[in-house]
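Inspection log for the structure reproduced underneath, given as structure tokens.
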Amino acid sequence: MAVKRRRAASSGEMPAAIEDYALIGNCRTAALVSRGGSIDWLCLPRFDSPAVFAALLGTPDNGRWLIRPVDPNAKVTRHYWPGTLILETVYETATGEVAIIDFMAVEQQALIRIVEGRRGSVPMRLDLVIRFVYGSAEPWVTRFNQGIRAVAGPDQLVLYSEVRLRNRAMTTRAEFTAEADRRTRFILSHAESHEEVPRPPHADAALDEADAVWSGWSNRCDYQGPYHEAVVRSLLTLKALTYNPTGGIVAAPTTSLPEEFGGERNWDYRFCWLRDATFTLLALMQAGYREEAQAWGAWLHRSVAGSPSQVQTLYGLRGERWIQEWEVPWLPGYHGARPVRIGNGASTQLQIDVYGELIDALYQEAALGLARPSASWDLQYALVRHLEGIWDEPDRSIWEVRGDPRHFTFSKVMAWVAFDRAIRGAERFGMQAPVARWRAIRQRIHDKVCREGFSEAKNSFTQFFGGEALDASLLLIPQVGFLPPDDPRVIGTVEAIGRELMADGLIRRYLVEEKVEGLRGEEGTFLACSFWYVDALALIGRGNEARMIFERLLGLCNDVGLLAEEYDPVARRQLGNFPQALSHLALINSAFNLSRHPSPAETRAAAAAPEETDLLEPG
């Protein structure tokens, strides 16, 4: 029997706090599960596909899957099974205790929820609202003996259920009781609508397989320092954000979670950024994940293949280049933060720093033995030749500002890195190159940065040439080897950033200025920058202070160890897309920087080992 759905009135429910979500995934896509038992975000079949559950950016009418006790006052605790992405949420009520085990199957496109009675009996409820195309497309729903099938356009979702389902007001509902020592299973499978109805995996066998695969992967971690649990959880998060078919790693599985509550700083992060290239390689290699590092490197090679003048700041999961940005008019945004954006217009910006990140990553790849040096030399040579003609142009910076292009200091520093690593690669691996010319350009960039990007008044490098504003990206100057950690200009920059950009012990990217950014409003402290501050403190010899701030940052992780992009120190809430790969990359590298020698920061800085001529004061 076909059941045609009619439009329902808005329920008025709002999504949970960002930090109240947990992540489950299968290395192709991911879902966010709230402490209240609602899956409010899921894109199928890929991270960047249109969402089928979009309540995160609207209301339950935009799609969600809720399973929880009927009792609204149930006590909630949750955790991941050790070393896995299997989430267990435990509810205690006056009548008993029940656990909901949420995970995604390893081999099939299926999301599985197992309700397991632990004690007594607990009345439960299930609400399923399927809305394809970011909460806009109401499917045609048909029943069958084991559940329902929902179809809209190219997609079908099939829910297999061990309890009877009923459809009312465009929502699939069920009421059942969780009894002690008994499991009730639900499986949501996806396929293209022209294909056969997908057969569900066996839930218990899929659970055992997921446990074995994820725990086997996490047990390979080489880190044995004092922050083992946080490092492993961050590595698992990076693995979950990896698109296995290509090795690309998305910045986050979400779009448009705001950097300011109610603000317009809402971006789509379901793509792969070049700026994260070297951080990713070093984090994976330090932790012992060579295959993943090689896959990431291979994704880099394929994605940037072609004309050096067409290198982008970010790419799709398979290296796609057309990432048009548009706004979703029917979604009200997370707690009213508009607009909701799909795609990312920063993909077409000129960002000089990406050339440095890319060439540094290619150099590190060869130096670490991940690839033959000759495999990428022609590409590096072409990139540097192109950079010769554009390094002195204004750009939009590592932060992708939407104001007018400027001569951002960090962009010039990374242009220096590009020439430096190309010179090092030519010399170390015996590659043919115009080294003398590149040395001259490298020196010219270095002199210009020290002359025009440094403020004597603040004793610090500045955000852009001729300005006085600071920028937390400059904390990376010693890490990329532009100047040694003991250089007075480096120490002055670290100290100035600590004075001017710190809020409640955490670091902002910069002080917001609309004419620079092209955006209104404010933003929170930036978690990756706060970890960079930890690294910089460690490099300049302030290790005890670095460790204190690092442990403060660990305390900002939510109850299952996840971090967003930013943190609001006033509201004490996480902000921005969640969970954020860059935040977790920075956490991993900082943990190694505080625990191992040589650290990732020392490894990267040693790649440069600036020559004496590079360090001369301009005169």
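In segment 91-131, one over the average inverse separation of all distinct C-alpha pairs is 12.0 Å, which is the Kirkwood hydrodynamic radius. Computed 3J(HN,Hα) for segment 212-227, one whole-Hz value per residue from the Karplus formula 6.51 cos²θ - 1.76 cosθ + 1.60 where θ = phi - 60°, is 5, 5, 5, 5, x, 5, 5, 5, 7, 4, 8, 6, 10, x, x, 10, glycine and proline marked x.
Each of PRO123, ILE100, CYS27 was scored by the projection of its Cα onto the charge dipole of segment 1-128, and the greatest displacement toward the positive side belongs to PRO123; charges sit on the C-beta of Lys, Arg, Asp and Glu. For the pair ASP222 and ARG173, a Förster radius of 41 Å applied to the C-beta separation gives a FRET efficiency near 0.30, rounded to the nearest 0.05.
On the protein heavy atoms, probe 1.4 angstrom, tell me the percent of accessible surface of segment 432-506 carried by carbon and sulfur.
Numbers: 1380 of 2640 Å².
Ligands and nucleic acids excluded, carbon and sulfur give 52 percent.
Between the beta carbons of GLU320 and ARG499, assuming R0 = 45 Å, the FRET efficiency works out to 0.60 to the nearest 0.05.
Taking θ as phi - 60° and the Karplus parameters 6.51, -1.76 and 1.60, the scalar couplings of segment 525-530 work out to 6, 9, 5, 4, 5, 5 Hz in sequence order, x denoting glycine and proline. Per-residue extension of 0.36 nm, minus the Cα-Cα distance of MET548 and ASN459, leaves a gain of 29.5 nm for this segment. Extension gain for the segment THR348 to ILE390, taken as residue separation times 0.36 nm less the Cα-Cα distance, is 13.6 nm to one decimal. Of the Cα atoms belonging to segment 343-490, the radius of gyration and Dmax stand at 15.4, 47 Å.
Residue-wise HN-Hα couplings along segment 565-573, as the Karplus relation 6.51 cos²θ - 1.76 cosθ + 1.60 with θ = phi - 60° gives them from phi, are 7, 9, 9, 8, x, 7, 6, 6, 10 Hz; Gly and Pro carry x. Cβ-Cβ distance of SER307 and ASN73, R₀ of 60 Å, FRET efficiency by 1/(1 + (r/R0)^6): the value works out to about 0.45.
Normalised by the number of residues in segment 459-577, the average gap of Cα pairs under 8 Å and 6 or more apart makes the relative contact order 22 percent. Rolling a 1.4 Å probe across the protein heavy atoms gives the chain an accessible surface of 35 Å² per residue. Using a cutoff of 8 angstrom between alpha carbon atoms and counting only pairs six or more residues apart, the relative contact order for segment 28-132 works out to 25 percent. A simple spin-label model places pseudo-atoms 7 Å from Cα toward Cβ; at VAL197 and ALA212 they are separated by 3.0 nm.
Scanning residues 5 or more positions from GLN463 or on other chains, those with amide H under 5 Å from its amide H are ALA469, LEU470, ASP471, with H placed 1.01 Å from N in the peptide plane.
With one equal scatterer per alpha carbon and no solvent term, the Debye-computed log10 I(q)/I(0) for segment 30-99 at 0.18, 0.21, 0.24, 0.25 1/Å reads -0.77, -0.93, -1.04, -1.07.
Full extension of the chain between ARG402 and GLN432 yields a length gain of 6.9 nm, computed as 0.36 nm times the residue separation minus the alpha carbon distance.
Distances between placed amide hydrogens fall under 5 Å for SER599 paired with no residue 5 or more residues away or on another chain. Note on the chain: helix-only mean residue ellipticity at 222 nm, from DSSP H runs of 4+ residues weighted -39500 (n - 2.57) and normalised by residue number, equals -9500 deg cm²/dmol.
Over segment 133-234, Cα pairs under 8 Å with separation of 6+ residues give a relative contact order of 19 percent.
In segment 120-216 the Cα-Cα distances spread across 10 Å bins starting at 0 as 14, 39, 33, 13, 1 percent of all pairs. By accessible area, using a 1.4 Å probe on protein heavy atoms only, segment 83-153 has 47% of its surface on carbon and sulfur. Using a probe of 1.4 Å on the protein chains alone, the accessible area found for THR246 is around 20 Å².
The values are calculated or read from the model by the stated rules, or taken from the named source; none is laboratory data. Because the structure is a prediction, the values reported are computed rather than measured. A quick note on method: Cβ atoms are made from the backbone with ideal geometry, for glycine too, and the neighbour counts reach across all protein chains shown. Note: accessible area is taken over every heavy atom of the protein model, side chains too, but ligands, DNA and RNA are not part of it. Shrake-Rupley method; radii C 1.70, N 1.55, O 1.52, S 1.80 Å.
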